[in-house]
1. If the label point is 7 Å along Cα→Cβ of Thr113, which residues in the range 55-70 have backbone nitrogen under 18 Å from it?
2. Leaving out ligands, DNA and RNA but keeping every protein chain, what accessible area does Val169 have, in Å² rounded to the nearest 10, with a 1.4 Å probe?
3. What nm value, rounded to one decimal, do you get for the distance between Ala87 and Ala18 when each label is placed 7 Å out toward the C-beta?
4. Would you mind telling me the antiparallel percentage of the DSSP bridges in the range 13-142, rounded to 5?
5. Using protein chains only and a probe of 1.4 angstrom, how many square angstrom of Cys180 are accessible, to the nearest 10?
6. Can you work out the FRET efficiency for the pair Lys42 and Ile170, with r the C-beta to C-beta distance and R0 = 30 Å, to the nearest 0.05?
7. To the nearest 10 square angstrom, what accessible area does Ser419 show with a 1.4 Å probe?
8. How would Arg229, Arg143 rank on accessible area, largest to smallest, probe 1.4 Å?
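The values are calculated or read from the model by the stated rules, or taken from the named source; none is laboratory data. On a predicted model such as this, the values are computed, not experimentally measured, just so you know. Using ideal geometry, Cβ is built from the backbone for each residue, glycine included, and neighbour counts are taken over all protein chains shown. Side chains are part of the model used for accessible areas, which takes the heavy atoms of the whole protein and leaves out ligands, DNA and RNA. Shrake-Rupley method; radii C 1.70, N 1.55, O 1.52, S 1.80 Å.
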Amino acid sequence: MAEGDAALAMALLAVDPARLGGVTFRGRGGPARDSLIEFLGKALPGQRLFRLPPHIGEDRLSGSLDVAATLRSGRPVHDRGLLAEAAGGLLLLTSAERLSSGKAALIAAAIDTATDSGLLLICDEGGDDENAPPALAERTAFRIDLDGLDGDAAVAIDVAPARALLAHVILPDDILEGLCRTALALGVGSLRPALMAAAAARASAALDQRPLVTLEDAQTAARLVLGPRARHAPATEEAEANEPPPPPPPSSSDDSSDTDRPPTDQEIGEMLLAAVRASLPPGLLAALEAGLRQQAAKPGAGGLAAKAGLKRGRPLGTRPGQPRNGARLALIDTLRAAAPWQPVRRRARPEREGLHIAGTDFRIRRFKPRHETTAIFVVDASRSAAMRRMAEAKGAVELLLADCYVRRDRTALIAFRGSGAELLLPPTRSLQRARKSLADLPGGGGTPLCAGIEQAIAVADQVRRAGGIPLAVFLTDGKANITRAGTPGRAEALADAEAAARALRITGLRALMIDLAESGPGPCRRLAEAMGASYLPLPYADAARISQSVAAAMKSGA
């Protein structure tokens, strides 16, 4: 983002912090970031700045029972929590890419339920493959790249008149519709960015002391809010060159009426897209047109990559610590640590009876967490070849389930046929339940491959929410002939399947594509590349080979 755009974004944020939410910084902290935050502090007087490190405990965020203070006082003592203390203030998250998903959810919930005009500041200091939690980044309107910004250039914009005028600024319906059209054209699926863009357009008009939002305000909002969130590129100049030429210009007698004619909704959308396209860096535009997106954020220090957990898993002994954030108190070890100090503490406080427990005596249990893997089989159950594939899938699932009793892994089964996909076997370790579901596995009909991929994404999301690690295993020849809408059409169905495969890659879901085509590599190889999956051509696949391949993939990602 250019220096002028960064200053403008911070000014808009100061005008309407409640609706714009905050800003995500990219790059290392330094004078540039400090000067932007200092401007916000001056533009919003009376709001304290709270710094939140990524290693802060969940109990410190939301508040909890202070066990040590409760034992000292003999009555319950509760911590208020940092989020309650920061209500209506400025919250600065340092190294936000290291924040765990649980803590991010607590912060997001506090933002959504806050009654005061709180402001969220995210300082994302990670590299290209490290990002702030999506739940928090989605709640910030602006994303500022600190690289190349001048740290000495302070923002000098008076926002007080704009804040006074903001409540009276009107946003026309055609401008709002144009912003929504632009968000859809850029592949922004959430409604929140479109609402933030509308708020930014109103704040832009208020900065210029205008009571009505104009097209220029909407272009500014689209460039600053929607542009950095683009999932795919808008129409390129090459595509526009293939369009039919515009109609001839009207006669000179109609020039005055055409000049005064307001732009249509479609023209507004095209102008907003042009503003966004001009602001996108050339490298990013090429990546978007190729359908390449960054993988999902890697777990940070507080994520799933932690070596030792505090709640469940294989016991690893105890360590000093407070029984907070779900940590389990090791009572015997706590009493053992407090026992040598009892004579000294009784002499210091002779009026108190019983055990004298201090905060330094607490010992908590440690566990080595294990995150179970769920293999999601997505099986092509269409037409005459279905029976052979069903036999392979049934045998592979039963072989894997036999090992699940030892590895504590799960298996799910999705079959796609006809006009859609169906979850036949939810994630389970029950061999009896699996055999019952596999016995009547249907077959025949068309090949709605897109529906199968989308169903796999939905099941994988449920697995992740439960704390598991999903692996999608596709058994198909890739010859899709049913579109996303459920209508026949081979070319459109394959395009829909490739679009769904790119969406799967965005989610970071690990996948294995088993190509059952007997005529050599075909559509499956392109689909595997689109979804970032491992490709395994097995035209004569058997249950044992499929089971071995899936087991190896599960073991490598566990």
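1. Hits in the range 55-70 for Thr113 at 18 Å: 58-65.
2. 10 Å²
3. 1.5 nm
4. Numbers: 1 of 16 bridges.
If we restrict to bridges inside the range 13-142, about 5 percent are antiparallel.
5. 50 Å²
6. On the way: r = 29 Å, r/R0 = 0.96.
The computed FRET efficiency comes out at 0.55.
7. 80 Å²
8. On the way: Arg229 20, Arg143 80 Å².
Output order, biggest surface exposure first: Arg143, Arg229.
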